[in-house]
Amino acid sequence: MTKDTEQETTHFGYREVPVGDKAGLVGQVFHSVAQKYDLMNDVMSLGTHRLIKRFTLELSALRPGMSVLDLAGGTGDFSLLFSPIVGKDGQVVLADINESMVRVGRDRIIDKGLTENISYTLANAECLPFRENSFDCICIAYGLRNVTNKEAALASMFAMTKPGGRVLVLEFSKPVNPLLGKAYDAYSVLWPKAGQLITGDGDSYQYLVESIRMHPDQETLKQMMVDAGYRDCEYHNAMGGICAIHIGHKARA
Amino acid sequence: MYAGLFHTAFLAAAETFLNGLIALDPAMPSKLAPLAGKTLRVECTVPPAGFNMLVCQKSILLMQGEPEAATATVQGSAATLLGMLAGNDRAAQRNNRTAISGDTAFLQSLQDVLANLDVDWEYQLSRVIGDIPTQAVSDGLAGTREFARQTAANLRDDLDAWLHEEKKLFPDASQLETFYRAVDRLRLRVDRLEARTNRLLTGRH
């Protein structure tokens, strides 16, 4: 976030926009792509996002009976994975700031017959509407980079995490190998064109490419989590650092 | 503990296969339900790898994970573990080829559930091609199986006769019997000769 002479601004992709406008602009992006979101994920990641999500699930250390918040849960990929693990005694809450995404996710989950332990809510990650110490695990996947104030989101997530619980942040990151980085950059240039072809909205995917490049790298995000209060923070690179899964723990009381 | 994406991909493929089989047995959810929420930790010694089998209401998830979460742990080589999980190799446990710790009753129950996986192939096939074609296919398969069994038995007999009677490569049972009897007679004679020789030698002294 940078101080402007008139008002505070933040980045929206490569553009600087007033802080108050970013959530609305991001909302428009996801409203536009919600219906074809999963298909585009498969196209852009060549299907590897499923593996990365599964790997994240493995890092969650979820057990039956636990409560988990699928923050920025969108079309429900993670909620579908969490639900059978926490079982009927556990609880999954799918939360997203975008109504269109929650609607797609909710319909998809109900269509799969999972109604027992999943609930849905519209929520802003910066000020989560839950009681403190509510969740054994909070997972935010490909969501943090769209949040206007990431520090506030991490702090809010920390407050909602039970002592002894953990937060998982799956996000695009910086490739560790420069050659891979160049190849990835060249590939990601194609995304807006693919987005235009599949969803009829290239601009939203242009924002996606830009927002990935503006997102903090592995070490910076790790430090942000430490600053938010999490302990024993670590990260696992996936696909050579194209994505990274950060894990932070909340100390037991 | 977390070997990375390749391990994840392998487990995902194995899980898809396993749950595909489980979905084909309509009785599986009721068999799995009593075990739901329990985790079996599988530690493979050759090749070195480990994963958790988490039993859910209608499926079994295979994941890398923390060994502490396990209800029971089983350790052994890949071949032994596969045989054991299929319920075909209970002897492996007795022969100390596997090490088991934790709730062994859970392991036994899981083994029983997996070993008794009863996939009704005819029902699954009938959903795709219909009842009457399924019956035809089923009858055809039964006929083919019987023909194959009969043919294999005939071939075995013919081969036996050809090798023994025509090519004379191997002796038949009666020739063998005569040969063994002759060997036995010879052994007895040698024994008697040996005894007689010994007696003569001791008499001389």
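List of remarks:
- Single residue of A:Gly229, A:Gly200 found to be loosely packed, with under 14 Cβ neighbours inside 10 Å and either touching a residue at least 24 places away in the same chain (Cβ under 8 Å) or small (Gly, Ala, Ser) (or both): A:Gly200
- Conditions (1) in contact with an Asp or Glu (Cβ under 8 Å, 6 or more places away or on another chain); (2) surrounded by fewer than 23 Cβ atoms within 10 Å (Cβ to Cβ); (3) under 15 Å from A:Gly229 (Cβ atoms): number failed by A:Ala123: (3)
- Remark: pairs (first residue in the stretch B:33-49, within 13 Å of chain A (Cβ to nearest Cβ) and closer than 30 Å to A:Asp89 by Cβ; second residue of a type in the set (A, V, I, L, M) and surrounded by fewer than 20 Cβ atoms within 10 Å (Cβ to Cβ); Cβ separation under 6 Å; 6+ apart in sequence or on different chains) = B:Thr39/B:Ala69.
- Where helices (runs of 4 or more DSSP H) fall wholly inside the stretch B:104-205, the ranges with 3 or more residues that are in contact with a helix residue (DSSP H, G or I) (Cβ under 7 Å, 6 or more places away or on another chain) and either of a type in the set (A, V, I, L, M) or modelled with pLDDT of 90 or more (or both) are B:104-115.
- The stretch B:57-76: number of residues that are more than 10 Å from every other protein chain (Cβ to nearest Cβ) and at pLDDT below 85: 1
- Residue in the stretch A:60-74 that is farther than 21 Å from A:Gly248 by Cβ, touching an Asp or Glu at 6+ places or on another chain (Cβ under 7 Å), crowded, with 23+ Cβ neighbours inside 10 Å and touching a residue at least 60 places away in the same chain (Cβ under 8 Å) present: yes
- Considering A:Lys112, A:Lys53, the condition of being within 14 Å of chain B (Cβ to nearest Cβ) and buried (at least 16 other Cβ atoms within 10 Å of the Cβ) is satisfied by A:Lys53 alone.
- Of the criteria (1) in a helix (DSSP H, G or I); (2) within 14 Å of chain B (Cβ to nearest Cβ); (3) among the small types (Gly, Ala, Ser), which one A:Ala153 fails: (2)
- As a summary of the residue check, A:Pro216 satisfies the conditions (1) surrounded by fewer than 21 Cβ atoms within 10 Å (Cβ to Cβ); (2) assigned to a helix (DSSP H, G or I) except for the one numbered (2).
- One residue from A:Ala253, A:Ala194 being part of a loop (DSSP other than H, G, I, E, B) and either surrounded by fewer than 21 Cβ atoms within 10 Å (Cβ to Cβ) or modelled with pLDDT under 90 (or both): A:Ala253
- Subset tally (residues that are among the basic types (Lys, Arg) and either in a strand (DSSP E or B) or not assigned by TED's automatic domain parsing to the domain that holds B:Ala99 (or both)) for the stretch B:19-78: 1
- Against the numbered list (1) surrounded by 14 or more Cβ atoms within 10 Å (Cβ to Cβ); (2) assigned to a loop (DSSP other than H, G, I, E, B), A:Tyr207 comes up short only at (2).
- Residue in the stretch B:152-172 that is under 30 Å from B:Phe17 (Cβ atoms), within 29 Å of the chain's Cα centre (by Cα) and either among the charged types (D, E, K, R) or surrounded by fewer than 10 Cβ atoms within 10 Å (Cβ to Cβ) (or both) present: no
- Evaluation of A:Cys243 against the conditions (1) surrounded by fewer than 20 Cβ atoms within 10 Å (Cβ to Cβ); (2) closer than 24 Å to A:Gly73 by Cα shows that the sole unmet condition is (1).
- Number of the condition not met by A:Arg252 [criteria: (1) of a type in the set (Lys, Arg); (2) closer than 30 Å to A:Ala61 by Cβ; (3) under 19 Å from the mean Cα position of the chain (by Cα)]: (3)
- Taking the listed residues B:Leu18, B:Leu54, the one that is more than 23 Å from the chain's Cα centre (by Cα) and either buried (at least 18 other Cβ atoms within 10 Å of the Cβ) or away from chain A (no Cβ under 12 Å) (or both) is B:Leu54, with no other qualifying.
The values are calculated or read from the model by the stated rules, or taken from the named source; none is laboratory data. Note that the structure is a prediction, hence the values are computed from the model and not measured. No Cβ is skipped: glycine too gets one built from the backbone with ideal geometry, and neighbour counts run over all protein chains shown.
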